[in-house]
Amino acid sequence: MQLNTQKSVCIRFGPRFRAMCKSLDSFFGGVVKWNNSCRYLGVYFVSGRIFTCCFCFDHAKSQFFRSFNAIFSKIGRFASEEVVISLIYAKCLPVLLYGTQACNILTRDKRSREFTVTRSLMKLFKTSSAIIVKDCQKIFYLLPVSYLINIRMAKFLDNFVTNENCVCKLLACNAQRNLNKLFLSYSDDISSSCNLKSYVIENFFE
């Protein structure tokens, strides 16, 4: 198989991930170098003792604000809040939440994404209070980003566990463990992603 050595890198996982390795010479010319991280479909894999991936949050945040400002500058002055919010959640949030369902997200990363959306809603509702924004979210039926990430992750793991793909079957036990851990963080009675979504909606908007 011919590789584009300008776009390809090698990355290592496991106990000896720090060990120096010789660069690989391609049969078609060029050298495939070793790297500490690599990007695939917008997700960054990071070399370490275990398989780890992360997300370029700064890029996602700038893309989110670019989308939001494009919408707000065109219709923010005369469109209703409902219209602007529906466009934010349809056009802007997918950029910010891209790939978050595939890997465990640290609490601080969830908070950073939450604050990014809060800043936009502050501009929309003309306030500097996060408490007022939260009240507006309840009025306009908007779930916080941290809940949206958990719901997306639960749905992804649900589909992963039941997938017949041989790779998915190989990692199904680990996926099921993560899914159960996510469910238990909310309630002992939750057994599916649908139950989790209903539970979150019921408790946040009560």
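Read-outs: derived from the displayed coordinates by stated rules, not from any lab. Please read these numbers as outputs of a predicted model, since none were measured by experiment. So basically every Cβ, Gly included, is an ideal-geometry build from the backbone, and we count neighbours across all protein chains shown.
Axis of helix 57-75 versus longest Cα principal axis of the chain: the two differ by about 40°, to the nearest ten degrees.
In the chain, taking the dipole from charged Cβ atoms about the Cα centre, the farthest positive-side position among 63, 133, 85 is held by 63.
For segment 93-182, state which chymotrypsin sites (Phe, Trp or Tyr not before Pro) are in a DSSP loop and have at most 12 other beta carbons lying within 10 Å of their beta carbon.
Working: sites: 98, 115, 125, 140, 141, 147, 156, 160; in loops: 98, 140, 141.
For chymotrypsin sites (Phe, Trp or Tyr not before Pro) across segment 93-182 that sit outside H, G, I, E and B with at most 12 neighbouring Cβ atoms in 10 Å, the list reads 141.
Kirkwood hydrodynamic radius of segment 150-204, from the reciprocal of the average inverse Cα-Cα distance over all distinct pairs: 11.4 Å. Once the Cβ-Cβ distance of residue 46 and residue 205 is raised to the sixth power relative to R0 = 25 Å, the FRET efficiency obtained is 0.10. Distance between the pseudo-spin-label points of residue 74 and residue 181 (7 Å out from Cα toward the beta carbon): 4.2 nm.
Per residue, what volume in Å³ does the Cα convex hull of segment 14-104 take up?
Here the figure is 133 Å³ per residue.
Checking the a/c ratio against 1.5 first, then a/b against b/c, what shape does the Cα gyration tensor give for segment 9-54? It comes out oblate by the Cα gyration axes.
Over segment 56-141, what is the relative contact order in whole percent, taking alpha-carbon pairs under 8 Å and six or more residues apart?
Values: 38 pairs, mean separation 26.1, N = 86.
Relative contact order here is 30 percent.
Pick from 182, 96, 171: which is most flexible by mean-square fluctuation in a GNM of the chain where alpha carbon atoms under 10 Å apart are linked? In this elastic network of the chain, the residue with the biggest mean-square fluctuation among 182, 96, 171 is 171.
Between residue 195 and residue 127, take the C-beta separation as r, use R0 = 35 Å, and let me know the FRET efficiency to the nearest 0.05. It would help to have the intermediate numbers written out before the result.
On the way: r = 34 Å, r/R0 = 0.98.
According to the calculation, E is roughly 0.55.
Segment 56-92 and segment 126-173 have Cα centres lying 19 Å from one another.
When +1 charges are put on Lys and Arg Cβ atoms and -1 charges on Asp and Glu Cβ atoms, the dipole computed for the chain relative to its Cα centre reaches about 900 debye.
Remark: 166, 173 ranked as 166, 173, counting other beta-carbon atoms within 10 Å and listing the fewest first. Highest GNM mean-square fluctuation among 27, 78, 45, for the chain modelled with Cα contacts below 10 Å: 27.
Taking 0.36 nm per residue of sequence separation and subtracting the Cα-Cα distance, how much length would be gained by fully extending the chain between residue 17 and residue 169, in nm to one decimal? All intermediate terms of the calculation are to be shown ahead of the outcome.
Working: separation 152, 0.36 × 152 = 54.72 nm, distance 2.62 nm.
Taking residue 17 through residue 169 to full extension adds about 52.1 nm, to one decimal.
Each of 203, 190, 179 was placed along the dipole of segment 150-204 (beta-carbon charges, centred on the mean Cα), and the one lying farthest toward the positive end is 179. The charge dipole of segment 56-141, taken about its Cα centre with unit charges on the Cβ of Lys, Arg, Asp and Glu (plus for the first two, minus for the last two), comes to roughly 180 debye. Remark: the residue 146-residue 111 segment gains 11.9 nm on full extension, using 0.36 nm per residue and subtracting the alpha carbon distance. Can you classify segment 101-206 as rounded, prolate or oblate using the Cα gyration tensor, where a ≥ b ≥ c are the square roots of its eigenvalues, rounded means a/c under 1.5, and otherwise it's prolate if a/b beats b/c and oblate if not? It is prolate, given that a/c is not under 1.5 and a/b is the larger ratio. The mean sequence separation of alpha-carbon pairs under 8 Å and at least six residues apart, normalised by the residue count of the chain, gives a relative contact order of 13 percent. Taking every C-alpha pair closer than 8 Å and separated by at least 6 residues, the mean separation divided by the residue count of segment 9-54 gives a relative contact order of 43 percent. Taken over the chain, the ratio of Cα radius of gyration to 2.2 N^0.38 Å equals 1.25. Close amide-amide hydrogen proximity is noted between residue 37 and 47, each under 5 Å apart and 5 or more residues distant or on a separate chain (H modeled in the peptide plane; Pro and chain starts excluded). Note on segment 56-141: Cα-Cα pairs beyond 21 Å make up 29% of the total pair count.
Between the helical axis of 172-184 and the longest alpha-carbon principal axis of the chain there is an angle of about 30 degrees. The lysines whose alpha-carbon is closer than 17 Å to the alpha-carbon of residue 7, local same-chain residues fewer than 8 away aside, are 33.
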